[in-house]
Amino acid sequence: MKNALVNLVNITKSFGDQMILDDLNLYIRENEFLTLLGPSGCGKTTTLRILGGFETPDKGQVIFDGKDITNLPPNKRNLNTVFQKYALFTHMTIAENIAFGLKIKNKSKTYIDDKIKYALKLVNLDGYENRMPDSLSGGQQQRIAIARAIVNEPKLLLLDEPLGALDLKLRQDMQYELIRLKNELGITFIYVTHDQEEALTMSDTIVVMNQGYIQQIGTPENIYNEPENAFVADFIGDSNIIGATMIQDRLVEILGARFACVDEGFGTNKPVDVVIRPEDVELVAPEEGTIQGTVTHLIFKGVHYEMEVEANGYEWLVQSTRMCPVGTHVGIKVDPFNIQIMNKPESEDEEAVGVNE
Amino acid sequence: MNKKMLSAPFLFWSALFIIIPLCMVFYYGLTDKNGAFTLENVMAIATPEHSKALWEALKLSVISTIICLLLAYPLAMILCNLNVNQNSFIIMIFVLPMWMNFLLRTLAWQTLLEKTGVINSVLGFFHLPTLNIINTPSAIVLGMVYNFLPFMVLPLYNVLVKIDRNVINAARDLGANELQTFMKIIFPLSLPGMFSGITMVFVPALTTFVISKMLGGSKILLIGNIIEQEFTQTGNWNLGSGLSIVLMLFIIFNMVISTVTDKDGEVNAL
């Protein structure tokens, strides 16, 4: 909790009888790039809107920089938001858009002019001062929206799926741009997205949310390699999620075959879920494999081949640079380190249970 | 070729009922009784009687337009913030009177406002001072505002409802309080709707002769009444046409000015 810039305490919010956030607790460290990741309706945007001051939580507190700002209107908060569809002021020039917040704060004209120049340079759009927002492309408009927010020197920048409306190539460029901006400015970023790749690329910390609950908080590597439950494993990247039995420490029975693994402390003969990433499944000669199967599908994906292997009643998703034609009899081998064991949810409810850090 | 054919009925209609009548107005307006060219009918606007009527019409229609604007703007803003069910109900309440005959509605006001009319009977019953505004400019303004208010509300509502909530949120986010957000964001973005609302109220108010006739008695003559009289009573089509041309040019002049003022050219010209 030390040097936490933002602290959300017991936030509860519902619209009508629909519960959006249920007792959410989260803190954000200074200088962190934190991403709220989840499917639509998981409460990530509502969390951001509560931070921005556009929604008031039914219960709970928002602590920002040591002060309770739960009931403060948006204009009194020392943070800025970059909205999903840019939300530029179409009746103003680019310069007027960027100057908006500074003029409200009665900054001097030379200060404002300097800031406009600086901000446009920062987002690589020098010389666009007198253009109108409508004459810019989507990516340029988004960069202006970012420039408009950061000239106010907020301690915290909230970004609500800012790249959602852009095409793939531009989105990838903007991801690098955002990382660069964050490092240059030393501002804390809270980023909302449903795109797991975006989250993995940019974040220091990812918060995976579902149905108003936090599923897992961790670094991108942590979330990807050690998902805590089937939802996280399924949502982040492709995966084979298989019901299995933990025979004893370091030994798991998957689809009737025993695999060595590295996890301990799950008990003996305990039902568990196992996650194996498709790139971690090794296809070997049948006699070398832990189990044997037949290749049923083969797709070329550019960097690798994607195959489906039918083995012991399960369709294994396999990604490999080595191609095995459909119909090949193969053996499946998995490195013990690459088998991730997760507790099985005991009920539907528990699937959405919060994780306490 | 086929697409051009589709416009034929419209072109025929325009020629028959817009272009030809307009030419006739110009012909009558620019000739005297013997058919010789003259500017006399147009210049007749300068006579005290006519210019007073134009001034009077201008005064009342400007007042009505301003009142409509002051009533419609807050209403349109409230409508935008209601949920869909509520606002469609309220919009219907505003549009509903438009489905009734215009003359009938104005006639109803005449009955209501009369010295021995409904309003005064009620006031008299409670021993309150009676209202004597029938046959005064106030009654005409009341009639104009009543009849033309929906034409101000609807275009304003249309632009206001299209303003992205996030644009307003962005202004708040950048430090603007509610008043600043209104002055710097909502109001400028609503200008196109305001201009078309003003046009749609000001033009019919300026040219009306029915409202002034029914609620103003015969005491108050607006330019519309003068023109009507030239056609229906005096029978001087030339003078009536001449004055019509003046009024038309006057309105066009005003439109041009408002279009120039409005950079984006988004005024829905009538």
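Odds and ends about this structure:
- Selection within region A:121-137 - part of a loop (DSSP other than H, G, I, E, B), under 22 Å from A:E177 (Cβ atoms) and either of a type outside the set (F, W, Y) or within 13 Å of chain B (Cβ to nearest Cβ) (or both): A:V123, A:N124, A:L125, A:D126, A:G127, A:E129, A:R131, A:L136, A:S137
- Those strands (runs of 3 or more DSSP E) of region A:142-218 in which 1 or more residues are within 14 Å of chain B (Cβ to nearest Cβ) occupy A:156-160, A:188-193.
- Selection status of A:Q84, in a loop (DSSP other than H, G, I, E, B) and touching a residue at least 40 places away in the same chain (Cβ under 8 Å): yes
- Yes/no for A:L21 being hydrophobic (A, V, I, L, M, F, W, C), surrounded by fewer than 22 Cβ atoms within 10 Å (Cβ to Cβ) and more than 9 Å from chain B (Cβ to nearest Cβ): no
- Residues in region A:231-270 that are more than 28 Å from the chain's Cα centre (by Cα) and of a type in the set (D, E): A:D249, A:E253, A:E264.
- Residues (of a type outside the set (D, E, K, R), in a helix (DSSP H, G or I) and closer than 22 Å to B:V141 by Cβ) located in region B:96-111: B:P97, B:M98, B:F102, B:L103, B:L104, B:T106, B:L107, B:A108, B:W109, B:Q110, B:T111
- Hey, B:N147 under 23 Å from B:L70 (Cα atoms) and within 14 Å of chain A (Cβ to nearest Cβ) or not: no
- Under the condition of being away from chain B (no Cβ under 14 Å) and not in a strand (DSSP E or B), the residues counted in region A:34-45 number 7.
- Residue check for A:T70: surrounded by 15 or more Cβ atoms within 10 Å (Cβ to Cβ), among the β-branched types (V, I, T), part of a loop (DSSP other than H, G, I, E, B) and more than 10 Å from chain B (Cβ to nearest Cβ): yes
- A count restricted to region B:223-263 and to residues that are outside any helix (DSSP H, G or I), without any contact (Cβ under 8 Å) to a residue 60 or more places away in the chain and under 23 Å from B:G193 (Cα atoms) stands at 1.
- Checked against the criterion of being under 19 Å from B:I66 (Cβ atoms) and free of Cβ contacts under 8 Å to residues at least 60 places away in the same chain, region B:136-144 has at least one qualifying residue.
- Unmet requirement for A:I242, which otherwise passes all of (1) in a helix (DSSP H, G or I); (2) modelled with pLDDT of 90 or more; (3) among the aliphatic types (A, V, I, L, M): (1)
- In region A:73-95, the residue that is nearest to the other protein chains (Cβ to nearest Cβ) out of those that are over 32 Å from the mean Cα position of the chain (by Cα) and either among the hydrophobic types (A, V, I, L, M, F, W, C) or within 26 Å of A:E30 (Cβ to Cβ) (or both) is A:M92.
- Of the helices (runs of 4 or more DSSP H) contained entirely in region B:1-91, those carrying at least 2 residues that are touching a Gly at 6+ places or on another chain (Cβ under 8 Å), at pLDDT 90 or above and not hydrophobic (A, V, I, L, M, F, W, C) fall at B:20-29.
- In the set (1) within 14 Å of chain B (Cβ to nearest Cβ); (2) at pLDDT below 95, A:I98 fails one condition alone, (2).
- Unmet criterion (only one of (1) surrounded by fewer than 23 Cβ atoms within 10 Å (Cβ to Cβ); (2) touching a residue at least 12 places away in the same chain (Cβ under 8 Å)) for A:L251: (2)
- Checked against (1) in contact with a strand residue (DSSP E or B) (Cβ under 9 Å, 6 or more places away or on another chain); (2) crowded, with 23+ Cβ neighbours inside 10 Å, A:A147 passes all but condition (1).
This table checks each residue for (1) closer than 21 Å to B:L58 by Cβ; (2) modelled with pLDDT of 90 or more; (3) touching a Gly at 6+ places or on another chain (Cβ under 9 Å); (4) not basic (K, R).
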residue	(1), (2), (3), (4)
B:I185	no, yes, no, yes
B:I198	yes, yes, no, yes
B:V246	yes, yes, yes, yes
B:L249	yes, yes, no, yes
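- Of all residues in region A:217-237, those that are acidic (D, E) have Cβ atoms under 8 Å from Cβ atoms of residues that are not in a helix (DSSP H, G or I), 6 or more apart or on another chain, in A:E226/A:G218; A:E226/A:Q340; A:E228/A:Q215; A:E228/A:Q216; A:E228/A:M342; A:E228/A:V355; A:D234/A:I241.
- Subset of region A:106-120 that is basic (K, R) and closer than 12 Å to A:V151 by Cα - its residue that is nearest to the other protein chains (Cβ to nearest Cβ): A:K107
- Subset of region B:170-183 that is touching a helix residue (DSSP H, G or I) at 6+ places or on another chain (Cβ under 7 Å) and within 8 Å of chain A (Cβ to nearest Cβ) - its residue that is surrounded by the fewest Cβ atoms within 10 Å (Cβ to Cβ): B:N177
- Options A:E184, A:E221: the member that is modelled with pLDDT under 90, more than 10 Å from the chain's Cα centre (by Cα) and charged (D, E, K, R): A:E184
- Among the candidates B:V161, B:V153, the residue that is modelled with pLDDT of 90 or more, over 30 Å from A:L159 (Cα atoms) and away from every other protein chain (no Cβ under 14 Å) is uniquely B:V153.
- Taking the conditions (1) in contact with a Pro (Cβ under 8 Å, 6 or more places away or on another chain); (2) outside any helix (DSSP H, G or I); (3) under 19 Å from A:L36 (Cβ atoms); (4) within 14 Å of another protein chain (Cβ to nearest Cβ) in turn, A:I50 satisfies each one other than (2).
- Scanning region B:184-203 for residues that are buried (at least 20 other Cβ atoms within 10 Å of the Cβ), out of contact with any Asp or Glu (no Cβ under 6 Å at 6 or more places or on another chain) and more than 11 Å from every other protein chain (Cβ to nearest Cβ) turns up B:G193, B:M194, B:S196, B:G197, B:I198, B:T199, B:M200, B:V201, B:F202.
The values are calculated or read from the model by the stated rules, or taken from the named source; none is laboratory data. All values reported here derive from a predicted model rather than from experimental measurement. Quick reminder, even Gly has a Cβ in these numbers, built from the backbone with ideal geometry, and neighbours come from all protein chains shown.
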